[in-house]
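Comments concern the structure below.
The values are calculated or read from the model by the stated rules, or taken from the named source; none is laboratory data. None of the values given here were measured: they were computed from a predicted structure. Here the Cβ is made from the backbone with ideal geometry for all residues, glycine too, and neighbour counts use every protein chain on show. The accessibility values were calculated without ligands, DNA or RNA, using every heavy atom of the protein model including side chains. Shrake-Rupley method; radii C 1.70, N 1.55, O 1.52, S 1.80 Å.
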Amino acid sequence: MITPLFQGFVDKGQLKCDVSFYKYLNALEGQNVTVRVEKKKKQRSLSQNAYYWSVCVQMLSDFTGFTPDEMHLALREKFLSVHEDNGLVRIKSTTELSTDQFIDYTNRIALWAAESLS
(Lines give C-alpha, C1' and ligand atoms only; values in the text may rest on other atoms or scores of the structure.)
Protein backbone atom coordinates (compact mmCIF):
# COMPACT_ATOMS: atom_id res chain seq x y z
CA MET A 1 0.00 0.00 0.00
CA ILE A 2 1.32 3.43 -0.93
CA THR A 3 1.32 5.90 1.93
CA PRO A 4 -0.12 9.25 0.85
CA LEU A 5 1.99 12.36 1.21
CA PHE A 6 0.45 15.58 2.47
CA GLN A 7 1.74 19.13 2.45
CA GLY A 8 1.19 21.54 5.29
CA PHE A 9 2.26 24.77 6.92
CA VAL A 10 3.24 25.43 10.53
CA ASP A 11 1.67 28.56 12.00
CA LYS A 12 2.43 29.42 15.64
CA GLY A 13 3.24 25.80 16.42
CA GLN A 14 0.06 24.48 14.77
CA LEU A 15 0.09 22.29 11.66
CA LYS A 16 -2.28 23.54 8.96
CA CYS A 17 -3.11 21.03 6.21
CA ASP A 18 -5.52 20.58 3.34
CA VAL A 19 -8.88 18.98 4.17
CA SER A 20 -7.74 15.74 2.47
CA PHE A 21 -5.22 15.22 5.28
CA TYR A 22 -7.92 15.43 7.94
CA LYS A 23 -10.19 13.06 5.99
CA TYR A 24 -7.35 10.55 5.79
CA LEU A 25 -6.64 11.01 9.50
CA ASN A 26 -10.30 10.38 10.36
CA ALA A 27 -10.16 7.11 8.43
CA LEU A 28 -7.45 5.95 10.85
CA GLU A 29 -9.59 6.53 13.95
CA GLY A 30 -8.63 4.21 16.80
CA GLN A 31 -5.41 2.98 15.16
CA ASN A 32 -1.79 3.56 16.15
CA VAL A 33 0.04 5.71 13.63
CA THR A 34 3.55 6.98 12.91
CA VAL A 35 3.91 10.64 12.03
CA ARG A 36 6.93 12.04 10.20
CA VAL A 37 7.32 15.76 9.62
CA GLU A 38 10.11 17.22 7.52
CA LYS A 39 10.84 20.63 6.10
CA LYS A 40 9.66 20.90 2.51
CA LYS A 41 12.53 20.98 0.05
CA LYS A 42 12.59 23.14 -3.02
CA GLN A 43 11.97 21.06 -6.14
CA ARG A 44 14.38 21.16 -9.05
CA SER A 45 14.34 24.36 -11.07
CA LEU A 46 13.37 24.84 -14.70
CA SER A 47 16.98 25.74 -15.53
CA GLN A 48 18.18 22.49 -13.91
CA ASN A 49 15.65 20.56 -15.96
CA ALA A 50 16.71 22.31 -19.17
CA TYR A 51 20.40 21.55 -18.44
CA TYR A 52 19.61 17.92 -17.72
CA TRP A 53 17.71 17.36 -20.97
CA SER A 54 19.86 19.51 -23.28
CA VAL A 55 23.29 18.55 -21.92
CA CYS A 56 23.24 15.33 -19.89
CA VAL A 57 20.56 13.41 -21.73
CA GLN A 58 21.20 14.75 -25.23
CA MET A 59 24.98 14.29 -25.16
CA LEU A 60 24.69 10.77 -23.79
CA SER A 61 21.93 9.96 -26.30
CA ASP A 62 24.16 11.11 -29.14
CA PHE A 63 27.06 9.03 -27.79
CA THR A 64 25.14 5.82 -27.03
CA GLY A 65 22.54 5.84 -29.80
CA PHE A 66 19.69 5.74 -27.28
CA THR A 67 16.76 8.07 -27.86
CA PRO A 68 16.54 10.87 -25.29
CA ASP A 69 13.62 9.14 -23.57
CA GLU A 70 15.50 5.83 -23.45
CA MET A 71 18.58 7.59 -22.07
CA HIS A 72 16.48 9.34 -19.42
CA LEU A 73 14.99 6.00 -18.32
CA ALA A 74 18.41 4.33 -18.26
CA LEU A 75 19.88 7.13 -16.14
CA ARG A 76 16.97 6.98 -13.72
CA GLU A 77 17.37 3.23 -13.39
CA LYS A 78 21.13 3.50 -12.83
CA PHE A 79 21.12 6.41 -10.37
CA LEU A 80 17.64 6.63 -8.84
CA SER A 81 16.83 2.99 -8.04
CA VAL A 82 15.64 2.41 -4.48
CA HIS A 83 15.60 -1.11 -3.06
CA GLU A 84 12.47 -1.43 -0.95
CA ASP A 85 12.14 -3.62 2.16
CA ASN A 86 9.78 -5.93 0.26
CA GLY A 87 12.53 -6.88 -2.21
CA LEU A 88 11.16 -4.77 -5.04
CA VAL A 89 13.03 -1.93 -6.72
CA ARG A 90 11.38 1.46 -7.15
CA ILE A 91 12.84 3.91 -9.62
CA LYS A 92 12.41 7.48 -8.44
CA SER A 93 11.17 10.14 -10.80
CA THR A 94 13.41 13.16 -11.30
CA THR A 95 10.39 15.28 -10.37
CA GLU A 96 10.73 13.94 -6.80
CA LEU A 97 14.22 15.42 -6.41
CA SER A 98 14.98 18.63 -4.55
CA THR A 99 17.34 21.15 -6.13
CA ASP A 100 20.26 19.73 -4.10
CA GLN A 101 19.35 16.13 -4.94
CA PHE A 102 19.08 17.06 -8.62
CA ILE A 103 22.57 18.62 -8.53
CA ASP A 104 23.89 15.41 -6.97
CA TYR A 105 22.09 13.36 -9.64
CA THR A 106 23.53 15.31 -12.58
CA ASN A 107 27.02 15.33 -10.97
CA ARG A 108 26.91 11.54 -10.57
CA ILE A 109 25.87 11.20 -14.22
CA ALA A 110 28.75 13.42 -15.36
CA LEU A 111 31.28 11.52 -13.24
CA TRP A 112 30.01 8.15 -14.46
CA ALA A 113 30.07 9.29 -18.10
CA ALA A 114 33.61 10.65 -17.79
CA GLU A 115 34.88 7.46 -16.15
CA SER A 116 32.92 4.83 -18.07
CA LEU A 117 32.24 6.17 -21.54
CA SER A 118 35.53 7.80 -22.53
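Annotation for segment 44-84: GluC sites (Glu not before Pro) lying in DSSP loop with at most 12 further Cβ atoms inside 10 Å of their Cβ are Glu84.
By a 1.4 Å probe calculation restricted to protein chains, Asp69 has an accessible surface near 100 Å², given to the nearest 10. Can you give the helix-only mean residue ellipticity at 222 nm for the chain, where every DSSP H stretch with n ≥ 4 adds -39500 (n - 2.57) and the sum goes over all residues, rounded to the nearest 500 deg cm²/dmol? Rounded to the nearest 500, the figure is -13000 deg cm²/dmol. Nonpolar atom fraction for the chain, defined as the carbon and sulfur part of the 1.4 Å probe accessible area, stands at 55 percent.
Phi angles of segment 36-49 translate, via the Karplus equation with coefficients 6.51, -1.76, 1.60 and θ = phi - 60°, into HN-Hα couplings of 10, 10, 9, 5, 5, 9, 5, 6, 3, 8, 5, 5, 5, 4 Hz per residue; Gly and Pro are given as x. One compactness figure for the chain is 1.40, namely its Cα radius of gyration divided by 2.2 N^0.38 Å.
Fully extending the segment from Leu46 to Phe63 would add 3.7 nm, taking 0.36 nm per residue of separation and subtracting the current Cα-Cα distance.
Based on C-alpha pairs under 8 angstrom that are at least 6 apart in sequence, the chain has a relative contact order of 22 percent. Remark: the chain carries 79 Å² of accessible area per residue (probe radius 1.4 Å; ligands, DNA and RNA excluded). Each residue of segment 62-67 was assigned a 3J(HN,Hα) from its phi angle through the Karplus curve 6.51 cos²θ - 1.76 cosθ + 1.60 (θ = phi - 60°); the sequence is 4, 6, 8, x, 6, 6 Hz, with glycine and proline shown as x. Between the beta carbons of Asp104 and Cys17, assuming R0 = 41 Å, the FRET efficiency works out to 0.90 to the nearest 0.05.
Listed by chain and number, the lysines whose alpha-carbon sits under 24 Å from that of Lys23, ignoring those within fewer than 8 places in the same chain, are Lys12, Lys39, Lys40. Taking amide H as placed 1.01 Å from N in the peptide plane, the amide H of Leu80 sits under 5 Å from none that are at least 5 places away or on another chain.
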